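Note sheet for the following structure.
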Amino acid sequence: MANASCILKNRKNIILAIESSCDETSVAVVRNGREVLSNEVISQIDMHTIYGGVVPEIASRKHIEVICGLSDRAVGSAGISKSEIDAVAVTFAPGLIGALLVGVNFAKGTAFALNKPLIPVHHIRGHVAANYIAFPELEPPFMCLVASGGHTLLLGVDGYTDYKIIGSTRDDAAGETFDKAARVLGIGYPGGKIIDRLAAGGDPAAYALPRAKVEGCPYDMSFSGLKTAVINLIHNAEQRGEELDLHNLAASFCMAVSDMVTGRSIDACREFGYKKLCAAGGVAANSVIRRELEKGAGEAGIELYIPPVGLCGDNAAMIGCQAYYEWMEHHTACMELNAYATLGADYDYSGMFF
Ligand code: KG4
Ligand code: ZN
């Protein structure tokens, strides 16, 4: 097994990273934590669109079909040979269990065949690490807003593997709310990108939408009221035979989500003493949220980091990056590694049965 001192001496650590927690199969090759040699992604969106959401069994079956070929492609486009791989990393939690198991089993097989360490990576920690790729100078401590299809979290990142949860959603995730609103509007899947596009040029004050607060927990969030408000708005308009202005509704919706995450992120930085704020996850691609975070952070004198849109969604490069830091802490796994549908980003490695 490799240890931290051997990693530090050998500055050419090449990690093959695998991500299959939802509807994207991705394999990447990452050197020394932050240098992405390749990052191959196959999206299944087309296959799930007709169902209006991800169908878990279809997702698992598609991952298993493409993962071997994609791994070869990632190694090839990185310009390395398999014998140069120093470790294999994989998303082991959280996510769709069948989808995770495909990646975990493939990673195990690869690590076993190459006789290299296996590094389990938490998906949300991976999203946070997308910032290390985009901003080579960035180091913890910082606050990170993670907003994806399955999670909405405010995380205090005090070290590369030291996380504390400062706030989280009590019900739907921000991305899920975008997707559900788009489904009711009948404008396609996944909804976030489509609503974002429609919002351009719309009036964000045109429709009054709620911004929920969780009593006694200023950093927790709740999106179910916003989802219900949009559904009611659509149904009422249908009953009255009125036409909704989609651009204005999309702009109002984006602003409502943004108001719920932006203010909390800035306030949490102030209260907990973080001078840097990062954003991560698919919803961090949203133009309104990016703009409002910039405005809020600028006014508060907080340094803001948001990865480019291409690194906000699911990809294996972010998993390879976080894997490097997990490896430095000896966070490797044995061949009994399992996958977990749910697990907090603040999980304790020593409490896991790896
Ligand atoms: O991080 P991600 O790719 O996968 C998960 O880990 O869930 O996030 C996917 C979510 C979806 O709900 C999608 O609608 C949302 O991110 N999303 C967006 C945008 N692009 C993707 N939401 C708002 N605005 C966007 N531009
Ligand atoms: Zn994700």
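The values are calculated or read from the model by the stated rules, or taken from the named source; none is laboratory data. Quantities reported herein were computed from a predicted structural model and do not represent experimental measurements. Using ideal geometry, Cβ is built from the backbone for each residue, glycine included, and neighbour counts are taken over all protein chains shown. Areas reflect the complete protein model, heavy atoms only, side chains present, ligands, DNA and RNA absent. Shrake-Rupley method; radii C 1.70, N 1.55, O 1.52, S 1.80 Å.
Here are a few things to note about the model shown:
Results for (1) in contact (Cβ under 8 Å) with a residue 60 or more places away in the chain; (2) farther than 26 Å from residue 91 by Cβ, shown as yes or no for each residue.
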{"residue": "247", "(1), (2)": "no, yes"}
{"residue": "252", "(1), (2)": "no, yes"}
{"residue": "267", "(1), (2)": "no, yes"}
{"residue": "290", "(1), (2)": "no, no"}
{"residue": "300", "(1), (2)": "no, yes"}
{"residue": "308", "(1), (2)": "yes, no"}
{"residue": "319", "(1), (2)": "yes, no"}
{"residue": "322", "(1), (2)": "yes, no"}
{"residue": "325", "(1), (2)": "yes, no"}
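- The residues listed here are 98, 53; of these, the one that is without any contact (Cβ under 8 Å) to a residue 60 or more places away in the chain, more than 18 Å from residue 322 (Cα to Cα) and of a type in the set (Gly, Ala, Ser) is 98.
- Test: residue in region 286-296 that is within 16 Å of ligand 2 (Cβ to nearest atom) and touching an Asp or Glu at 6+ places or on another chain (Cβ under 6 Å): yes
- Counted residues, region 300-341 - those being hydroxyl-bearing (Ser, Thr, Tyr), under 12 Å from residue 121 (Cα atoms) and away from ligand 1 (no atom under 16 Å from the Cβ): 3
- Of the candidates 188, 201, the single residue that is in contact with a His (Cβ under 8 Å, 6 or more places away or on another chain), over 29 Å from residue 344 (Cβ atoms) and either part of a loop (DSSP other than H, G, I, E, B) or away from ligand 1 (no atom under 16 Å from the Cβ) (or both) is 201.
- Count of region 124-151 residues, restricted to those that are open to solvent by 20 Å² or more (accessible area, probe 1.4 Å) and within 12 Å of ligand 2 (Cβ to nearest atom), is 3.
- Qualifying residue in region 152-172 (condition: at pLDDT below 95, in the same structural domain as residue 192 (by TED's automatic domain parsing), in contact with an Asp or Glu (Cβ under 9 Å, 6 or more places away or on another chain) and open to solvent by 10 Å² or more (accessible area, probe 1.4 Å)): no
- If the condition is being small (Gly, Ala, Ser), over 25 Å from residue 180 (Cα atoms) and outside any loop (DSSP other than H, G, I, E, B), then region 27-54 contributes 28, 38.
- Filter result (more than 16 Å from ligand 1 (Cβ to nearest atom) and closer than 30 Å to residue 261 by Cα) within region 94-146: 120, 132, 135, 136, 137, 138, 139, 140, 141, 142, 143
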